[in-house]
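Just below is one structure, and these are the notes that go with it.
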Amino acid sequence: MADRFRGADALAATLQAAGITRIFTLSGNHVMPVFDAAFGAGLSLIHTRHEAAAVHMADAWARLTGDPGVALVTGGPGHANAVSALYTAQMAEAPVVLLSGHAPNAQLGMGAFQEMRQAEMAAPVTKASWTCASAGAVADDVARALKIARCGRPGPVHLSLPTDVLERAADPGRIPGPAAFAAAPQMLAPSDAEAIVARLWQARRPMVLAGPACMTKAGRARMRALEAAIDVPVIGMESPRGVNDPSLGAFAPMLAQADCVLLLGKRCDFTLQFGKPPVFDAACSVIQVDAEPAQVERTRRAVGSRLVAAVIADAIAALDVLAGPVRENAPAVAAATPSRAAWLAEVRSAIDWRPTAWDGAASNERDRLHPVQACRPLQTLLDAHPDSVLISDGGEIGQWAQACLSAPNRVINGVAGSIGAGLPFALAARLAKPDVPVVAVMGDGTFGFHVAEFDTAMRYALPFVAVVGNDARWNAEYQIQLKDYGADRLVGCELRPMRYDLVAAAFGGHGELVIDAAQLVAAAARAQSSGLPACLNVMIEGVAAPVIRRGD
Ligand SMILES: Cc1ncc(C[n+]2csc(CCOP(=O)(O)OP(=O)(O)O)c2C)c(N)n1
Ligand SMILES: [Mg+2]
């Protein structure tokens with residue numbers, strides 16, 4: 001126990017005051033004062049095998065609990081390793097705070113150990129990124145970082161903490177109270193909500209598209225409530241495949257028919273083909289509710305005068321406002337548009353639709369499963385608990401998993417389209433929800449990124465079921481080569497049919513090889529009941545991801 005209150009103690013006390021009980025970390029010289037300060041401060045350290053894994057865990061923690069996820073890494077290379085993972089959190093709109101050790105302020109410009117322009121490095125993938133100036137500023141800076149991460153469009157924030165800042169004396173009487181951490185929502189005014197719903201109701205085929213921040217379990221419940229309240233399809237979008245996200249079934253042709261779309265925290269980006277045909281009808285009007293004026297400007301540039309109304313407000317809070325008092329006007333307007341219920345039913349049935357041919361899916365290759373056979377049986381595990389977690393990561397297999405499986409909680413790699421976070425996500429899910437099935441489907445390439453987190457899972461006794469769809473290649477890129485360059489120009493995407501089950505077992509986990517569809521249900525049940533971090537290494541045929549259209 002240090003004999004004086006340091007910047008590092010102010011950091012620990014501020015996190016404690018904010019209700020943060022757990023930080024995801026990897027040790028290093030610069031942050032050892034924080035490890036020391038965590039003693040007696042009610043902070044548990046989950047230490048990982050790679051800094052990016054620590055950030056991915058903070059990301060999944062945030063998405064599953066609604067509380068900010070905090071990662072702590074060392075300066076220089078530790079920080080650099082962490083930065084790539086911030087992009088996934090940024091595009092998923094997850095409130096994450098990355099705290100990085102840093103060369104001492106007193107040695108800056110002198111060639112200090114691991115001196116690096118860290119704040120500049122993290123700036124493009126964060127909402128805010130800065131270096132703490134003094135021990136006295138630590139508490140306020142940490143409180144500000146937590147607040148920024150949660151407000152408006154949630155997202156990652158970075159704070160660098162120089163070693164002299166962490167070691168010098170701070171004032172224990174200056175730890176901020178709860179108000180310093182609370183995000184003040186930008187509320188949608190009820191009158192704006194009423195005007196927006198009236199516009200939607202004037203349309204024949206209206207639709208609401210909600211952004212990634214709304215895709216938490218609580219957010220999805222609020223989306224469903226809004227849909228029920230206004231009788232307009234409310235669709236959450238969090239996939240880089242956009243309207244072709246296989247978890248949205250045959251949705252794309254429905255959006256193409258919409259005549260009025262409300263973008264509710266949903267960026268008008270590549271996932272919507274920038275609001276243009278053929279994804280949108282050329283005459284479709286657009287309404288936008290977004291926390292960021294820059295997003296409204298972007299939409300205006302993309303769709304011009306088709307953007308008929310825009311309001312600056314937080315998307316999640318707006319879900320409730322839109323579902324609220326506007327209902328009072330419902331009978332009059334509803335009577336004017338009797339076809340709305342039919343349209344809603346049509347959209348929902350398109351989203352639920354899957355090709356009937358999938359029911360008989362089988363692999364063309366010996367000792368291999370079709371991806372549908374590798375995924376569908378896992379639904380039993382997910383259905384066993386009302387709060388189960390599905391994690392999906394990887395290239396083509398991730399798309400199959402999202403097409404075939406659903407769960408009350410779902411964490412996917414998201415709009416970033418960055419692969420590799422699946423295992424860290426699984427560990428964080430287990431920490432966030434100690435008693436529910438956690439099923440993580442990923443590709444064989446993806447599994448390799450953070451396989452050493454099996455060690456972390458063993459150290460902290462964090463069981464989950466990882467299902468590797470093993471096609472011995474980076475299939476998503478292989479499929480691009482096949483389509484764009486031809487079968488004789490396949491290069492650089494092959495992997496080996498590795499025994500990932502044995503790798504998991506070597507870490508002390510449970511591992512099983514699956515080469516026959518008939519094995520999977522029993523293997524999944526054994527993996528779940530093993531009480532260990534488990535890997536089902538399912539040999540699959542490398543099939544292109546589905547693009548689902550009715551009539552297939
Ligand atoms: C960090 C990162 N690196 C590379 C890519 C490009 N990429 C996207 S999918 C993919 C293949 C993934 O292979 P695997 O996990 O085995 O899944 P599969 O496509 O084979 O089903 C690659 C390399 C990416 N999206 N993100
Ligand atoms: Mg693969």
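The values are calculated or read from the model by the stated rules, or taken from the named source; none is laboratory data. These numbers come from a predicted model, not from an experiment. Backbone-built Cβ (ideal geometry, glycine too); neighbour counts: all protein chains shown. Heads up: the accessible areas ignore ligands, DNA and RNA and are worked out on the full protein's heavy atoms, side chains in. Shrake-Rupley method; radii C 1.70, N 1.55, O 1.52, S 1.80 Å.
Couple of notes before you dig in:
- Whole-percent pair-distance distribution, where bins are 5 Å wide, for the alpha carbons of the range 65-131: 4, 17, 28, 24, 14, 8, 4, 1, 0
- Shown is the FRET efficiency for ARG174 and PHE113, computed with R0 = 25 Å from the Cβ-Cβ distance and rounded to the nearest 0.05: 0.25.
- Spatially, the range 294-311 and the range 1-50 are offset by 44 Å when compared through their Cα centroids.
- Accessible-area order (highest first, 1.4 angstrom probe) of the listed residues ILE316, ILE196: ILE316, ILE196
- The equivalent ellipsoid of the range 222-376 has semi-axes of 32, 20, 15 Å, largest first, where each one is the square root of 5 times an eigenvalue of the Cα gyration tensor.
- Per residue accessible area in Å² of the chain, where ligands, DNA and RNA are left out and the probe is 1.4 Å: 37 Å²
- Percent of alpha-carbon pairs separated by more than 41 Å within the chain: 26 percent
- Most to least accessible of TYR500, TYR478, TYR87 (protein chains only, probe 1.4 Å): TYR87, TYR478, TYR500
- Our coupling estimate for the range 259-265, obtained by passing each phi through the Karplus curve with A = 6.51, B = -1.76, C = 1.60 and θ = phi - 60°, is 10, 8, 10, 9, 8, 10, x Hz, Gly and Pro reported as x.
- Taking only the Cα atoms of the range 29-182, the ratio Rg/Rh comes out at 0.94, with Rh defined as the Kirkwood radius.
- Centre-to-centre separation between the Cα atoms of the range 132-172 and those of the range 69-91: 15 Å.
- Counted residue by residue at 0.36 nm each, then reduced by the alpha carbon distance between them, the extension gain from GLU494 to SER84 reaches 145.2 nm.
- Ranking ARG220, ARG153, ARG526 by solvent-accessible area of protein heavy atoms (1.4 Å probe, all protein chains present), from largest to smallest, gives ARG526, ARG220, ARG153.
- Partner lysines whose Cα lies under 25 Å from the Cα of LYS217, excluding those fewer than 8 positions away in the same chain, are identified as LYS127, LYS147, LYS266, LYS433.
- The range 221-291 has equivalent-ellipsoid semi-axes of 18, 14, 13 Å, by the square roots of 5 times the alpha carbon gyration tensor eigenvalues, sorted largest first.
- Protein accessible area in the chain, 1.4 Å probe - carbon and sulfur %: 55 percent
- Counting every alpha-carbon pair across the range 378-420, the share separated by more than 13 Å comes to 50%.
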